[in-house]
Structure formats: structure tokens, C-alpha cells
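What follows is a single structure, written as C-alpha cells, with notes after it.
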Amino acid sequence: MVALIAACEVGFWVLLGAGLLARYLLRWRRTSVALLVATPALDVVLLTAAVIDIGNGGHATTAHALGAAYLGFSVAFGHSIIRWADQRAAHRFAGGPPPQRPPKRGPERQRHEWREWAKCLVACSIGVAVLALLSFVVGTPDRTEVLWSSWIPRLATITAIWFAVGPLWTLFDPKKQTPEPIPEDQSADQAPNAQWERAGQHTHPATAPKAARCSAGAGQDTRPPANEA
């Protein structure tokens with residue numbers, strides 16, 4: 001089981017790298033989609049192997065518990081990992097925008113921490129469900145004691161610790177509650193735009209003088225003066 005978990009982890013990164021290579025270097029978009037979609041198949045292989053092993057009378061070990069935890073975190077965080085790698089590949093090879101970085105503080109940071117903890121909650125819930133399946137449906141409690149007596153409480157502990165150092169910490173840390181300041185190069189451009197938007201005008205400030213000149217001269221007689229006799 002340990003070797004299978006390692007093989008699934010290596011296979012995940014191989015499929016991810018091959019999918020990004022096919023998308024941005026070879027321009028094979030359909031092939032890249034097929035490779036990226038195939039990554040969840042590794043989770044099915046891992047779960048099937050654990051079910052077969054315990055179903056044939058084998059005793060559960062720590063390797064089976066690690067397989068259940070890996071399955072949960074792979075399902076919960078797999079999409080985020082693919083998006084993280086895709087943003088960097090697009091920026092490096094396709095001229096895409098710079099990758100998005102997690103906010104450091106302010107309300108955006110709090111929302112980020114809550115989202116990440118929600119993923120952890122989903123991952124641990126999937127892991128607990130798989131452990132319960134292996135313990136009481138596929139196997140018997142006497143052969144799977146290490147799963148339900150040790151690893152289910154461990155996953156619950158991981159969820160509690162993540163909540164304490166993540167969302168709960170941002171609620172009581174003054175540094176995390178302060179909004180991030182707007183950079184000077186952005187504030188100079190954004191402040192005039194905000195003023196014009198509040199005033200209900202849609203003309204960009206950079207073009208305002210030209211527009212004003214045009215409107216001011218619209219009502220004037222632009223015909224050349226007649227020659228005086």
C-alpha cells in the first residue's frame with residue numbers, strides 16, 4: 001500500500017505535467033484536457049486496492065489509513081493544485097497574467113483562510129468516510145482497529161488544529177485584520193477613476209480635457225470669417 005500511494009502521488013504529478021506540456025507547448029488542448037481529467041482515476045485505483053486487500057482477509061495497517069487520508073486530500077485539494085500549476089504555466093509559456101497570490105491580511109485573508117479550512121474539512125470527512133467503509137463494511141472491527149481507533153480521531157484533530165491556526169487566528173490577530181494598503185502606482189490611477197464613477201461620469205479622466213474642449217466648441221461657429229470689403 002505504501003508503494004501504491006507513492007506511485008499514485010508520482011502519477012498525479014506526471015499527468016499534471018504532461019497535461020500542461022500538451023496545452024501550452026504542443027498546443028494539444030483536447031489531449032491536455034484528457035490528461036488532467038485522468039488524475040482522479042488514480043484515487044479510484046488507490047481505493048480499489050485498499051478494498052480488495054482488506055476484503056481478502058488482510059489486516060489493516062497504517063498504510064491503509066494513509067491511503068484513506070491521501071484520497072480525501074487529493075479529492076479536496078486536487079483542483080486547487082491543478083489551477084495553481086496552470087496559472088504558472090500560462091504565465092511562463094503563454095504570456096498569461098502573473099499568478100494570483102493569497103492575500104496577506106484584511107477581509108480577503110479571512111475569506112481565504114475559511115475557504116482553505118473548508119477544503120480541509122471536506123478532505124478529512126472523505127478520509128473518515130473511507131476509514132469507516134474499510135472498517136465496518138469491507139472488513140471487521142477486529143482486523144481494522146488501527147483505522148477506526150487511531151486514525152479517525154487523528155483526522156478530527158487535524159481539522160481542529162487547522163481551524164485554530166487558520167480562520168480562528170485571523171479573527172484575533174490585529175495584523176491580519178488590517179486591510180492591505182493600495183500600492184502608490186495603483187492608487188494614483190484608481191483614485192480619479194473612483195471619483196468619476198461616484199460622480200456618474202463614464203469619461204476617463206485622461207480624456208476629460210479633450211472631451212471638454214470638444215463639447216465647448218460644439219456650439220461655436222467654426223466658419224471662417226467673411227472677407228471685409
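The values are calculated or read from the model by the stated rules, or taken from the named source; none is laboratory data. These numbers come from a predicted model, not from an experiment. When we count neighbours, we look across all protein chains shown, and the Cβ atoms used for this are built from the backbone with ideal geometry, even at glycine. For accessibility, only protein heavy atoms count, side chains too; no ligands or nucleic acids. Shrake-Rupley method; radii C 1.70, N 1.55, O 1.52, S 1.80 Å.
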Subject >> Net length gained if the chain between Phe93 and Ser149 were fully extended (0.36 nm per residue, minus Cα distance) >> reply: 15.3 nm
Original post:
Over the stretch 10-158, how many percent of alpha carbon pairs lie in each 10 Å bin up to the one with the longest distance?
Top reply: 11, 31, 28, 21, 9, 1
Original post:
Each residue of the stretch 91-102 in turn: what ³J(HN,Hα) in whole Hz from Karplus with 6.51, -1.76, 1.60 and θ = phi - 60°, glycine and Pro shown as x?
Top reply: 5, 7, 10, 10, x, x, x, x, x, 6, 9, x
Original post:
Per residue, what accessible area does the stretch 1-156 have, given a 1.4 Å probe and all protein chains present, in Å²?
Top reply: 55 Å²
**OP:** Assuming R0 = 35 Å, can you tell me the calculated FRET efficiency for the pair Ala160 and Ala18, based on Cβ-Cβ distance, to the nearest 0.05?
**Re:** 0.40
Original post:
For Arg27 and Ala132 in the same chain, what is the full-extension length gain: residue separation times 0.36 nm, less their Cα-Cα distance, in nm?
Top reply: 33.4 nm
Original post:
For the stretch 1-99, which whole-number percentage of the solvent-accessible area (1.4 Å probe, protein heavy atoms only) is attributable to carbon and sulfur atoms?
Top reply: 70 percent
Original post:
Tally Lys and Arg at +1 and Asp and Glu at -1 over the other residues with C-beta under 13 Å from the C-beta of Thr159: what net charge comes out?
Top reply: +1
